[in-house]
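Trainee: To start, I am sharing the structure in question, which I have written as structure tokens.
The values are calculated or read from the model by the stated rules, or taken from the named source; none is laboratory data. Predicted, not measured: the structure shown is a model, and the values here were computed from it. All Cβ positions, glycine included, derive from the backbone under ideal geometry; neighbour counts span all protein chains shown.
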Amino acid sequence: MKVLGGDGKLIKAIDRLVGGLLHTATGPAGELVVSLFDVQGELSRLSGQLGSALHERFLGLGRYQRTQRIAAAHAVIVVTAFFDTVRQGEAHLGPGRLRMLRSEQAIIAGARDVTGTRLGDLVEQLLHVKLPCPGPTQPYEQVEQALDDYYRLLSQRLLAFLRGLRLWESMTESQREHAERWLTDAVPAEARHRYDELFHRLATEVPEIAYWSARVDHQATRAVIGSLDTGLRDLRRLLESVASGAVPTGIRDALSQHYRMALNQPIISNADLPDEMTMPSLDQAYISPCFRRAIMTSSAKPSEWSWWRNCPLENDLHTFLFGYLTHPSATQLPLLVLGQPGAGKSVLTKILAARLPPEQFAVVRVPLREAPAEQDLQMQIEHAVRQATGDSVRWPALYAGAANLVGVVILDGFDELLQVTGVSSSNYLEKVARFQEREAAQGRPTAVIVTSRTVVAHRARLPRETVVIHLDPFNETQIERWLDMWNRLNAEYFAGHSLSPLEMPVVARLGELACQPLLLLMLALYDMDGNPLRHEMGRLDRAQLYERLLVRFARREVRKSGEALSEQALERSVERELLRLSVVAFAMFNRYSQWATEEELAGDLLHLLSEQTTQPDEFETPLNAAELIVGRFFFVHESQAVQEDRKRKAYEFLHSTFGEYLVARLTTHEVEDLVAAAELHTGHARRNRPNDDFLHALLSHSPLSSRESVLEFLQDLIHGLDPGLRDKLKRTLLALFHDALHYRSSSAYGAYLPARVRGLRTAPMQFATYSLNLFLLLTLAGGEVTGAELFPEPAATAGTPTSVVSRWRSMARLWRSQIAYNAWMNLVRNVEVQRRWRDGERDLSIHWAGSRGSSPPTFDLYWTFEMGPDHEARGQSSWMHEEFLAAARYFYFLCGYEEELLIHAVAPLAADLSRSLMTVAGYWPDQAMSPANALLRLWLLSSRGAEPTELAGAYADCVLLSQAFAPYAEKDATGFLDIVLGHLRLDAPRLRGVLTLRDLRLGKDKPEMAAKIRSVLAELGLV
């Protein structure tokens, strides 16, 4: 009531009672009796004056004190709304006035144990009850539901209390029933309505609470913050409009100046631009991205983009940050900011550090790539302060001389700490939460913001109710705003070099490459050299686009060396640069990762290309091969952390498709080189296959199908080759595939073992992976690849030749057993296998289907059981493969997803009709069929109301197939027939005049079954 500005006689009377104790009830003389409705009447009056009086009382408060007051005011209106509703409807409770002890009122409101406590403690308890409150951890829609539940709970408590009063005993039965209905049904809804009124008044005068609920009246705040399109430039203005604080001095002022200076720094400092070209500053280039918000639960999957798609997209980042930083929960749990490389996470932290008013916030930005990884959080913060200011101070000193200050620690690059050091940091965010808890207890409330790449979010345990936001790629509007900024800053350069500005129609053709800030900058820099995006990209496919981009950047880097190179030498140097970058891409691809450490890259470059550490001169630190290569290309992101006083680094491409294209490029070039080498051997008396050791080293660790983009790039590159070259490519790959089927010892690249876990790469896995990759390249070369071509010389097993199909089945099972599930599924989605007869023998015809997918397979059981077109058993026999239980055990043993789903689907049939699943009848020259297949088809046609003629044909097939069991299991045949005839009774009206005895092929060897069929048909009037 004091928070709301109450100063009347009743407030003063209660103040005099604060010093007294609330004693245990021992009778009227020992009770402190206060009228609920007297107090509530005053509270209601004050609630109606939430306007200027409250606003004025909040002026001049520090940030943390203001946040606490707002939270307290909200708690008061939550409780006030309920008791005010009860007071206004007192007549529903019958005669008399309701009187309660203050302790009784508090118990109803939610306080736990108030016996023997001071009134001040009681108020403290009441304000710390977990009341519904809007905020980052609870969207307003959930608050509404929570309020409904809370008010229903209060009604139940009040009703239970009333039933113990003499007032209740004095009421008639009818009055009690009326009071119960009113409390149970009407009060919660009316209290919610009253709360909405009070909340609106509070939000009008206190902007923070409107932002907590995401119910911002933009018209009311536009005068304060101006245009809402200016992104985080408005954040500081809005914060300064609602709170004040002490003028920053000392270390806080030094930190603030350091962060503000960063706003004028170019977004890329090492781009080596011409003097007349302008690189935008952080302040000029920053555009707030859209984002998605989630609250962590046990089922959350923040590392998966598919999971984030279900979260609503929001476009007001400054609104969210204002609401978050002014909410009490900000100092209780960390905020996790996720995004892809190049999405602008680090830039956001720099902008935020510069925008937060130092009068209200003590901000420390901690680049974790530079912080000592083995130190605790406080040491990392103090290290960052020293790096920024040169001053060694203890963390608590930032709060000195500033009451009600809120600390904000920004931990940028949590993913770098994880991937570079390899340190187990799964509990890092839990440690952050404990740090916040400790600081709050010491009077140093601290908010913590942590950034990380999306894909590593699963490696950290997130405390429940942690707020996580995911930065989305740029949309069309944001791209246009960025292009306007770029073109405006470089208008003179465009005019002086006769260039056209980079416009949206040109960029739109580049798709996802233009959707992240850093990639957009890369494209803009690329286009400054003659407008290639405008002149070339409309005629290029995606692979050609990547080729032009990478070649131009590599050419630019080579020319920086200052050497006067001939055009031929320049091309060789460019190709060498791209070869090195391709090895970098394979370092990630073969480790099933989007990144690789500096040590891993250096080792790979040494083993594959003999690249070693160099030392430019005696005064410089030696640069290893990894640093020399990736340091030249700013589209390769460098992660860094400090561990035991040593800088450790890891690298990844700003967009994964750069690495995937380079994998496809090097693979294609290497195969082309092998084709050329094979041509040199043509005509030699002794066949000498080209040396594929390098290709084997690259392609024996990870299937090309493990990333779909690699397959798409390979398709573009290989299909773009001359048809004659593709024919030669197929012959060379077939020869390599045949050689790969035989065991090979370690090659010249045997030291190349790109595995992070010892023993992960086994000989069977490498054999399976290399043979599969050659097979994929074969299918991509175009045309048909047959099983006979893959396995031209069937091996002998126990004196019996093994068929092509048997060898294919063994190879496919090996691939399935040794490669990851997603790689296997990409294989079967992109490669179409068709079954053929060739010279009376079974064969396979294999084609590349690509993104259009394979056609639905048709199962020919004659082919499956090796009954060729001229086989004598076609059209007149039946056979049983094996017991269903054996097949079920076989699939159960494999533990495969698809197999178990299929077994589960037919399990109801297996209980009574297991032989129907495994029996095959070849009663038709063109097809063989199992009884189970025919029965399922019959049920579907019947349930869908198929044409009577089609349904009659299905019944005829099932009746005929009932005879297929006869040689093996008469009981099964009878059971199957009974099911068919039983279902026929349901469809008989539809089939009269359509299904006749002439349509059924009744065998003469089973007269009992034939008689039964005739009898049922006659009974149903079908004959």
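Trainee: Can you tell me which residue among LEU917, LEU938 is surrounded by 19 or more Cβ atoms within 10 Å (Cβ to Cβ), touching a Cys at 6+ places or on another chain (Cβ under 7 Å) and not small (Gly, Ala, Ser)?
Mentor: From the options LEU917, LEU938, the qualifying one is LEU938.
Trainee: Okay, moving on. Here are GLU672, GLU712: which of them is within 17 Å of LEU780 (Cα to Cα), modelled with pLDDT under 90, crowded, with 16+ Cβ neighbours inside 10 Å and not polar (S, T, N, Q)?
Mentor: None of the others qualify; the one that does is GLU712.
Trainee: Give the residues of region 288-306 that are assigned to a loop (DSSP other than H, G, I, E, B) and either at pLDDT 85 or above or in contact with a strand residue (DSSP E or B) (Cβ under 7 Å, 6 or more places away or on another chain) (or both), sorted by residue number.
Mentor: Those that are assigned to a loop (DSSP other than H, G, I, E, B) and either at pLDDT 85 or above or in contact with a strand residue (DSSP E or B) (Cβ under 7 Å, 6 or more places away or on another chain) (or both): SER288, PRO289, CYS290, MET296, ALA300, LYS301, PRO302.
Trainee: Here is a further query. Show me the helices (runs of 4 or more DSSP H) found entirely inside region 113-220 where at least 2 residues are at pLDDT below 85.
Mentor: Working: elements: 119-127, 140-162, 166-170, 173-181, 187-205, 207-212.
Hits in region 113-220: 119-127, 140-162, 166-170, 187-205, 207-212.
Trainee: If you take the residues of region 526-544 that are in contact with a Lys or Arg (Cβ under 9 Å, 6 or more places away or on another chain) and in a helix (DSSP H, G or I), which of them is farthest from SER346 (Cα to Cα)?
Mentor: GLY538
Trainee: Something else about it: Need the failing condition index for GLY562 against (1) among the small types (Gly, Ala, Ser); (2) modelled with pLDDT under 85; (3) assigned to a helix (DSSP H, G or I), just the number.
Mentor: Only one criterion in (1) among the small types (Gly, Ala, Ser); (2) modelled with pLDDT under 85; (3) assigned to a helix (DSSP H, G or I) is unmet by GLY562, namely (3).
Trainee: Ok, one more. Is region 321-332 home to any residue that is under 18 Å from GLN478 (Cβ atoms), in contact (Cβ under 8 Å) with a residue 24 or more places away in the chain and in a helix (DSSP H, G or I)?
Mentor: Within region 321-332 (the criterion being under 18 Å from GLN478 (Cβ atoms), in contact (Cβ under 8 Å) with a residue 24 or more places away in the chain and in a helix (DSSP H, G or I)), the answer is yes, since at least one residue qualifies.
Trainee: Please list, ordered by residue number, the helices (runs of 4 or more DSSP H) wholly in region 834-944 having 2 or more residues that are without any contact (Cβ under 8 Å) to a residue 24 or more places away in the chain.
Mentor: Answer list for region 834-944: 884-894, 897-918, 931-943.
Trainee: A further question on this structure: Which members of region 425-456 meet the condition of being in a helix (DSSP H, G or I), in contact with a Phe, Trp or Tyr (Cβ under 9 Å, 6 or more places away or on another chain) and either of a type in the set (Gly, Ala, Ser) or within 23 Å of THR326 (Cβ to Cβ) (or both)?
Mentor: Across region 425-456, the qualifying residues are LEU429, GLU439.
Trainee: Can I ask one more? Only one residue in LEU462, LEU502 is touching a Leu at 6+ places or on another chain (Cβ under 8 Å), assigned to a loop (DSSP other than H, G, I, E, B) and within 30 Å of HIS327 (Cβ to Cβ), so which one is that? Lay out the reasoning, then the answer.
Mentor: Working: LEU502 fails: within 30 Å of HIS327 (Cβ to Cβ).
Residue meeting the stated conditions: LEU462.
Trainee: Oh, and also: Any residue at all in region 448-468 that is assigned by TED's automatic domain parsing to the domain that holds PRO312 and touching a Lys or Arg at 6+ places or on another chain (Cβ under 6 Å)?
Mentor: yes
Trainee: Within region 955-991, how many residues turn out to be in a helix (DSSP H, G or I), within 16 Å of GLN876 (Cα to Cα) and not aliphatic (A, V, I, L, M)?
Mentor: Total satisfying the criteria: 5.
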